[in-house]
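**Q** Sharing a structure, written as structure tokens. Questions coming.
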Amino acid sequence: AAVAALLEHAGPGTLGLESADFSGNYFGRGGFAAAAQALRRSRLKHLSFAGNGGGRWSEAAGGGGLSQRDQGARFHPIQLLIEGFQVNSKLECIDLSACNLGPDTAFVLEDSLHTHPKIKHLLLADNPLGDEGLRCIVRLLVSVGSDVASCDIRGHREADALSHRVRFRYAQPGGVYSLNLGFPHERSVLRTLLRCASKLRGGTFRHFKFDSRQPKPLVDHDADTGAWSVPTSGTYTFAFQPPLSDTARAANPTLGRQESEMCIGKAATTCGTMAGESSGSQSGSLSRSLPLGGSIGQRSQRASAWASSTHIADSAAARRKTELNAGGFGWGPRLFGLGSSRGTSLAPSAYGSEGPSLEPDWTEVAHLLRDARITVSALRFPLLRGMFLSLVTTDQQLRFIRACAHNLWLNAAQVQKLCEERTELAGDVVCALLPSVRGRTSQLMLLGSFPARFAKGVAKAVGSCLWFQEGNLTGRYRLDLAEPADCAVA
């Protein structure tokens, strides 16, 4: 309560703090949840919680108004604070150095700051971010609309075993999800899926497939901040199946044909959707996570937000389970709209008993590969270059390069500049980033700029990517997914 009183702006005509330093403390869930609530009306521009990694698994019972189910979930409590950033519009500098942030916390940070209008400086030094955590930070920095001017990741290291695995793929978000919304990183997964779906034609909820016996979460969209609010308890199972290509959309005329009956309300008054608020539910049903004080009509209207999502027929449960298990996350030719009707179906009943018959269209592959990465603009590249030069050890530098190799598009000049900065790592940098260079001509020019004694070895290491033909995918492959070149081919 004392922290919330310091951070919160009292009202018009009163002064408020513009800088607060709570570093070196032992905050737990209650303290971070209270701070997250206060950030909504705070005037803070600089906030520091550096060195607050000690209370990671603290507070086994009671505190902060959290539900019993949420208290039982084990996660870094600072994630509750980070969720509060999505409703703040004043912060310019955030210091979370030495807070023991792992990849799951980095994913929550990426989600919460994705639409922040003023953030300029991020201090994330001395954290076990690992490869996955660095990918989240890099995506946040180079995404469209990001105005971050500096980011400190010095002293980062491999992720520890206590971090949760984030089951989300940026390039291919489609798949089957079972999300326990008692965990902040899984709430971030749902918010990210909603944000991805909102960019597609035809409505936000049309690409979610729910079993008719499964509950649907109550979600709200704040038009002012662009943030999605989701429940803080309950487990929800669904399939997210966006049409990743025009071919898939044309071949499935019934996809998302239903008109949305939703009426999205403001997120500010929703109970249980912000970190630290009590959801009043342990079962995850919609009726337990509805806004307080709303009329029955309003509640039913909000519950109909998912009316345009598709139910998976109960009669197809056994067949669906078999097909989903065979297809892992459910990715297959039918999902991409590239293969024949023999491809794995994510939700068979959504397209009828047999699903659509799709003809191969390999010209779509180039478009899918292009949209699967973020282009690093000339304005964003100096930020990445500065972060790379700030790293001291070889392990840190290579970990950062590997993080950039998966989700970014770079040009040959940018990769060559990084090689010139660290000539001793030039071979490793090219092997990792060559798949990130768009265009075969640019890739060959990059290889040609190196001495022959280096180019031969590098060309052999990236051969699977260098001679990959998007227009003809048939062939026999032997890929090591630990290598960026082979991972790009896969």
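Derivation of every value follows stated rules applied to the coordinates shown; laboratory data play no part. These numbers come from a predicted model, not from an experiment. Here Cβ is always computed from backbone atoms with ideal geometry, including for glycine, and neighbour counts include all displayed protein chains.
**Q** Can you tell me which of 144-152, 29-37, 127-135 comes out highest on packing, and rank the rest after it, using the mean Cβ neighbours within 10 Å?
**A** 29-37, 127-135, 144-152
**Q** If amide hydrogens are placed 1.01 Å from N in the peptide plane, which non-local residues have theirs closer than 5 Å to the one on THR375?
**A** For THR375, the qualifying residues are TRP409.
**Q** Note the full-extension length gain between LEU479 and THR375 as 0.36 nm times their separation in residues minus their Cα-Cα distance, in nm to one decimal.
**A** Going from the current span to full extension adds 34.9 nm.
**Q** Which residues does the label zone of ARG453 cover in the range 409-431, counting backbone N under 20 Å from a point 7 Å along Cα→Cβ?
**A** Counting only backbone N, you get 419-431.
**Q** In addition: May I ask you to evaluate 6.51 cos²θ - 1.76 cosθ + 1.60, the Karplus curve with θ = phi - 60°, for each residue of the range 37-50 and list the ³J(HN,Hα) values in order in whole Hz, giving x for glycine and proline?
**A** Per residue, the Karplus-derived 3J(HN,Hα) values read 5, 6, 5, 4, 10, 8, 9, 4, 10, 10, 9, 10, 10, 4 Hz.
**Q** Using the Cα centre of the range 398-490 as origin and beta-carbon charges of +1 (Lys, Arg) and -1 (Asp, Glu), tell me which of LEU446, THR474, ASN411 is placed farthest towards the positive end of the dipole.
**A** THR474
**Q** Shifting gears a bit: Around ARG157, under 12 Å between beta carbons, what's the net of Lys plus Arg minus Asp minus Glu among the other residues?
**A** Computed value for this residue: -3.
**Q** Follow-up. With θ set to phi - 60°, apply the Karplus curve 6.51 cos²θ - 1.76 cosθ + 1.60 along the range 116-124 and write out the HN-Hα couplings as whole Hz, x wherever there is a Gly or Pro.
**A** Taking θ as phi minus 60°, the curve returns 5, x, 10, 4, 10, 9, 10, 10, 10 Hz for the range 116-124.
**Q** Go through the range 444-455 residue by residue and turn each phi into a ³J(HN,Hα) via Karplus (6.51, -1.76, 1.60, θ = phi - 60°); whole Hz please, and just put x for glycine and proline.
**A** Per-residue couplings from phi come out as 5, 5, 5, 5, x, 7, 9, x, 4, 5, 8, 4 Hz.
**Q** Further question on the same structure: May I ask for log10 I(q)/I(0) of the range 123-210 at q = 0.17, 0.19 Å⁻¹, from a Debye sum over the Cα atoms as equal point scatterers with solvent left out?
**A** Calculated log10 I(q)/I(0) at the listed q: -0.89, -1.05.
**Q** Apply 1/(1 + (r/R0)^6) to the Cβ-Cβ distance of LEU200 and ASN25, taking R0 = 30 Å, and write down the FRET efficiency to the nearest 0.05.
**A** The pair LEU200/ASN25 has a calculated efficiency of 0.10.
**Q** Label SER442 and LEU162 with points 7 Å out from Cα along Cα→Cβ: what is the distance between them in nm?
**A** 4.2
**Q** Distance check, please: which entries in LYS199/LYS417; LYS118/LYS209; LYS90/LYS216; LYS90/LYS209; LYS417/LYS460 exceed 28 angstrom between their Cα atoms?
**A** LYS199/LYS417; LYS118/LYS209; LYS90/LYS216; LYS90/LYS209
**Q** Oh, and also: Quick one: length gained pulling ARG213 to ALA171 fully straight, 0.36 nm per residue minus the C-alpha distance? Display every interim value, and only then the final one.
**A** On the way: separation 42, 0.36 × 42 = 15.12 nm, distance 3.00 nm.
Length gained between ARG213 and ALA171: 12.1 nm.
**Q** Quick query: amide H of ASP152 versus all other amide H atoms, modeled in the peptide plane; which residues come in under 5 Å with a sequence gap of 5 or more or a different chain?
**A** LEU122, LEU123, LEU124
**Q** Please sort 162-168, 425-431, 399-405, 209-215 by packing, taking for each peptide the average over its residues of neighbouring beta carbons within 10 angstrom, highest first.
**A** Going from most to least packed, we get 399-405, 425-431, 162-168, 209-215.
**Q** Take each of the peptides 456-469, 108-121, average the number of other beta-carbon atoms within 10 Å over its residues, and list them starting from the highest.
**A** 108-121, 456-469
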